[in-house]
Amino acid sequence: MIRVALADDETLVRRGIRGLLELTGRFQIVGEAADGDAAMDLVSTCSPDVLLMDIRMPKRSGIEVLIALRQESPHPPPTILLTTFDDDEALLQGIRHGAKGFLLKDVDVDILAHAIDIVAAGGNMIRPAISDKVLRTLEGQRVPFEAAHLPEALTPRELDVLRLMAAGWSNREIAEGLHAAEGTIKNHCSSVLSKLGVRDRTRAVLRALELGIL
């Protein structure tokens, strides 16, 4: 049974999600939090398998909680952010700081359960939350970058690096995780950016999602 912690300042939302998950018989709700500080305490005391958390909360936002959790532990619980898509920048910040998934608050229970299963198993559920608006915004902000003249497939190692980039890992963390030199990882990152025709890690992740690579 997957142990899930809920963090949302809206009581009705928390109760609704809790009820849906408990009805499946596959998840144990180990605790609830109504603000960011309480979410930090909840993770510390309950060690959930998955943290399901609102982006906007009092005291600390979901993004601030993500940042703090990564500072406190090299292996924070995989987190799914709840969003209403009214803050594209928060969505991108979530990707940068290691969120494993994004879901609408009124998500269908089957999709919610599927997302938790995927995230608990080490995957991500970002694609459903990448709106066309976000992609169009990034496309409009794109800065010219020297991409490979002919499209090239990413190598298996570049795909590994890209997946860890999507999880918010730094070059040093990726190097440690893949048992490689940090300089080698920097070269892989540069190659990934070039092949995808983007100028930074966030756009690389979004482009890869758009292309179905992730």
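The values are calculated or read from the model by the stated rules, or taken from the named source; none is laboratory data. In this text the structure is predicted, and so the values were computed from the model without any measurement. For neighbour counting, all protein chains shown are included, and Cβ atoms are generated from backbone atoms with ideal geometry for every residue, glycine included.
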Seminar exercise, completed: Within segment 172-193, of all residues that are in a helix (DSSP H, G or I) and among the hydrophobic types (A, V, I, L, M, F, W, C), the one nearest to the chain's Cα centre (by Cα) is ILE174
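Rundown of residues vs (1) touching a strand residue (DSSP E or B) at 6+ places or on another chain (Cβ under 6 Å); (2) surrounded by 15 or more Cβ atoms within 10 Å (Cβ to Cβ); (3) aliphatic (A, V, I, L, M); (4) farther than 21 Å from MET125 by Cα, yes/no style:
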| position | (1), (2), (3), (4) |
| --- | --- |
| ALA7 | yes, yes, yes, no |
| LEU12 | no, no, yes, yes |
| ALA34 | no, yes, yes, yes |
| LEU42 | yes, yes, yes, yes |
| GLY62 | yes, yes, no, no |
| ARG70 | no, yes, no, no |
| PRO76 | no, yes, no, no |
| ALA99 | yes, yes, yes, no |
| LEU112 | no, yes, yes, no |
Exercise. Just a yes or no: is a residue in segment 201-209 surrounded by fewer than 17 Cβ atoms within 10 Å (Cβ to Cβ) and free of Cβ contacts under 8 Å to residues at least 60 places away in the same chain?
Worked result: no
Problem set entry | The one condition in (1) touching a His at 6+ places or on another chain (Cβ under 8 Å); (2) at pLDDT below 90; (3) surrounded by fewer than 17 Cβ atoms within 10 Å (Cβ to Cβ) that GLY168 fails to fulfil | (3)
For this session: Determine, yes or no, whether MET53 is surrounded by fewer than 18 Cβ atoms within 10 Å (Cβ to Cβ), at pLDDT 90 or above and of a type outside the set (S, T, N, Q).
Result: no
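Does segment 177-187 contain at least one residue that is modelled with pLDDT under 85, closer than 15 Å to ASN124 by Cβ, outside the structural domain of LEU66 (by TED's automatic domain parsing) and surrounded by fewer than 20 Cβ atoms within 10 Å (Cβ to Cβ)?
no
Could you check how many residues of segment 67-104 are in a helix (DSSP H, G or I), free of Cβ contacts under 8 Å to residues at least 60 places away in the same chain and either of a type in the set (Gly, Ala, Ser) or over 18 Å from VAL205 (Cα atoms) (or both)? Can you show your working first?
Taking segment 67-104 and keeping what is in a helix (DSSP H, G or I), we get 67-72, 88-96.
Next, from what is left, pick out any that are free of Cβ contacts under 8 Å to residues at least 60 places away in the same chain: 67-69, 71-72, 88-91, 93-94.
Remaining after also requiring either of a type in the set (Gly, Ala, Ser) or over 18 Å from VAL205 (Cα atoms) (or both): 67-69, 71-72, 90, 94.
Final tally of qualifying residues: 7.
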For this session: Filter segment 14-27 for residues that are exposed (fewer than 15 other Cβ atoms within 10 Å of the Cβ), without any contact (Cβ under 8 Å) to a residue 40 or more places away in the chain and not in a loop (DSSP other than H, G, I, E, B) and give the result.
Result: ARG15, GLY19, GLU22
